Amino acid sequence: MMGESSGRHSRRTFLAGAVGGGLLLTQPPGRAAAVGAGGDPLAGNAAVHAPAWARVPQIRRRIRPPRFPGRTFPITDHGAIGDGTTKCTDAFKQAIAACAAAGGGRVLVPAGTYLTGAIHLADAVELHLAPAATIRFSRDPADYLPVVHTRYEGIELMNYSPFIYAYGRTNVAITGRGTIDGQAGAAHWWDWSGDPPPSEGPDKKLLAAMAELGVPVAERVFGEGHTLRPNLIQLYRCRNVLIEGVTVKDSPMWNIHPVLCVNVTIRDVTVDSPHGPNNDGCDPESCVDVLIERCEFSTGDDCVAIKAGENADGRRVDAPSMNVLVGSCVMRDGNGGVTVGGETTGGVRWVFAWNCTMSSERLERAIRVKTNPERGGYVRDLYFKDITVGQAADAVVEVALNYENKHTGPYFPDVRDRDIRSLRAGRAPRAFNLIGNPGNPIRDVRVTDSVFAEMTEAGVVQDVTGLVLHDVWINGRRVRRD
């Protein structure tokens, strides 16, 4: 047994490799049965997982990709030239309008490189990129005006249009084997995140203040003259969404950002954006019924980050993220592999991740929850199974309720019910970094049948109740707490 008989750990650390008593083995137990060829999350240990994991097939049955009429509208029929220098914004607009007017179908981007400004999708429109097609977005901020209703780090506002955007649409898709290139770089968009001008810092503070004061969204006008970066792909208040097959790269900030959407499928997508600030891979925010599968992430921030609005604006909108499935994905560079937060105000519940591989000397954490006493909301019922972590640069598992070094505030988050099974981690500084708040602990963290092979530093368990470690091995030593 590890430590006291109580279920509470307060301001304690435990050393990886010398944790409590237990039998030192030269070889840890074998891995539990892997998921099946189809990535079935119920394969292996089915009886143990059944109470929670039985929800997964129910959720999957509700998530159905949209279908589209068999009509095709090539953008080249509307004047697009794929030479990489001719601006094709009007051609995209006309092809989408023609497709929508006909009752829907496929807007085809043929082989070539097409320079454009903002692309706005319509109902029943599938934007399809041929294998040798590239959509290359303009570096001129004026090409993303007029401003649109969007969300910036969990707060609604009127801002530059996301590069591919839809608002209030039904049946929308981005598919194919082509590339969506945001063309952001050190001198374009990313420089807005720094301290010297132009800097987004003052605008972020202004937006947060407007939200706290209850300024109507229509009056929170940014865009020209301001420096809040747009997303690469944002689908807002949409129903029946599909993003499949494409490669996305070099976004100004978050790459794929569904907001307040229902029935979202994101599969076989590659996010290749490892260098930009806040270049999250996929951030479903306040969405219900989301499937992210067979995707590959190399990002400048979190690979998958599940969010639900921030602070006063999150409480105003009051919309959770629920029923999010992450299956058979590969996470490379990034701050976190599968993350919840830091925008958690509307609440996050019923997240399942399985059969994922995470490994990089620059992948800071594999599984992460981040929030603080200003965010409030809840983070509950998170389930992870059959996760392989080759190496991580910080903790393998982190739950931190002091995100952004904020330890006090009026809205303590309710963070509980986190279950991790069959995790295999190779090298990292720490197995665990669990930091609750005094008087508001993290509750009910369960880790079962898991191996942390080479941990070099002390793990941290602070203000946690209901921690269960069953058949857990750290540096070859069994650590158990029931």
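The values are calculated or read from the model by the stated rules, or taken from the named source; none is laboratory data. All figures in this text were calculated on a predicted structure; none of them were measured in a lab. When we count neighbours, we look across all protein chains shown, and the Cβ atoms used for this are built from the backbone with ideal geometry, even at glycine.
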### Query
Out of the residues in region 220-253 that are within 18 Å of A142 (Cβ to Cβ) and of a type in the set (V, I, T), which is farthest from the chain's Cα centre (by Cα)?
V221
### Task
Return the residue satisfying two criteria in turn: it lies in region 319-329 and is crowded, with 21+ Cβ neighbours inside 10 Å and among the small types (G, A, S), and of such residues it is nearest to R151 (Cα to Cα).
S321
### Message
Given the condition in contact (Cβ under 8 Å) with a residue 12 or more places away in the chain, closer than 22 Å to A122 by Cα and assigned to a loop (DSSP other than H, G, I, E, B), answer yes or no: does some residue in region 270-277 qualify?
### Response
no
### Summary
Note on region 124-133: residues among the aliphatic types (A, V, I, L, M) and either closer than 12 Å to Y236 by Cβ or not in a loop (DSSP other than H, G, I, E, B) (or both) are V125, L127, L129, A133
### W350 vs. criteria in contact with a Leu (Cβ under 9 Å, 6 or more places away or on another chain) and at positive phi
yes
### Query
Cβ-Cβ below 9 Å, separation at least six or inter-chain, first residue in region 227-239 and in a loop (DSSP other than H, G, I, E, B), second at pLDDT 95 or above and basic (K, R): which pairs?
L228/K204; N231/R151; L232/K249; R237/R169; C238/R169
#### Entry: Of the criteria (1) surrounded by 20 or more Cβ atoms within 10 Å (Cβ to Cβ); (2) within 24 Å of the chain's Cα centre (by Cα); (3) on the phi > 0 side of the Ramachandran plot, which one L401 fails
(3)
### Task
Give region 461-482 a look and list any residue that's over 17 Å from R418 (Cα atoms) and at pLDDT 95 or above, or say none.
W473, I474, N475, G476, R477, R478
### Query
In the list I164, I96, which residue meets the criterion of being out of contact with any Ser or Thr (no Cβ under 7 Å at 6 or more places or on another chain) and without any contact (Cβ under 8 Å) to a residue 40 or more places away in the chain?
I96
### Query
Limited to region 134-149, what total is found for residues that are in a strand (DSSP E or B) and surrounded by fewer than 22 Cβ atoms within 10 Å (Cβ to Cβ)?
4
### Task
Specify the residue that is farthest from R427 (Cα to Cα); the eligible residues are those in region 356-373 that are at pLDDT below 95 and either touching a helix residue (DSSP H, G or I) at 6+ places or on another chain (Cβ under 9 Å) or outside any strand (DSSP E or B) (or both).
R362
### Task
Would you check if there is a residue in region 336-349 being part of a strand (DSSP E or B), under 16 Å from the mean Cα position of the chain (by Cα) and surrounded by fewer than 21 Cβ atoms within 10 Å (Cβ to Cβ)?
yes
### Summary
Counted residues in region 404-421 being under 22 Å from the mean Cα position of the chain (by Cα) and modelled with pLDDT of 95 or more come to 9
### Task
May I ask you to verify whether V379 is crowded, with 24+ Cβ neighbours inside 10 Å, among the aliphatic types (A, V, I, L, M) and more than 27 Å from N311 (Cβ to Cβ)?
no
### Summary
Within region 195-218, residues in a loop (DSSP other than H, G, I, E, B) and surrounded by fewer than 10 Cβ atoms within 10 Å (Cβ to Cβ) come out as D195, P196, G214, P216
### Query
Can you name every residue in region 150-186 that is more than 21 Å from the chain's Cα centre (by Cα), surrounded by fewer than 20 Cβ atoms within 10 Å (Cβ to Cβ) and part of a strand (DSSP E or B)?
M158, T170, G185
### Task
Only residues that are touching a Leu at 6+ places or on another chain (Cβ under 8 Å) and more than 20 Å from E310 (Cα to Cα): list them for region 251-272, please.
S251, P252, V264, T265, I266, R267
### Message
Can you confirm whether A458 is within 29 Å of E361 (Cβ to Cβ) and surrounded by fewer than 20 Cβ atoms within 10 Å (Cβ to Cβ)?
### Response
yes
#### Entry: Test for Y114: is it of a type in the set (F, W, Y) and in contact with a Pro (Cβ under 7 Å, 6 or more places away or on another chain)
no
#### Entry: Criterion: surrounded by fewer than 22 Cβ atoms within 10 Å (Cβ to Cβ) and either farther than 22 Å from R380 by Cβ or touching a Ser or Thr at 6+ places or on another chain (Cβ under 8 Å) (or both) - qualifying residue of R316, R332
R332
### Query
Does D195 satisfy being touching a Lys or Arg at 6+ places or on another chain (Cβ under 6 Å) and among the charged types (D, E, K, R)?
no
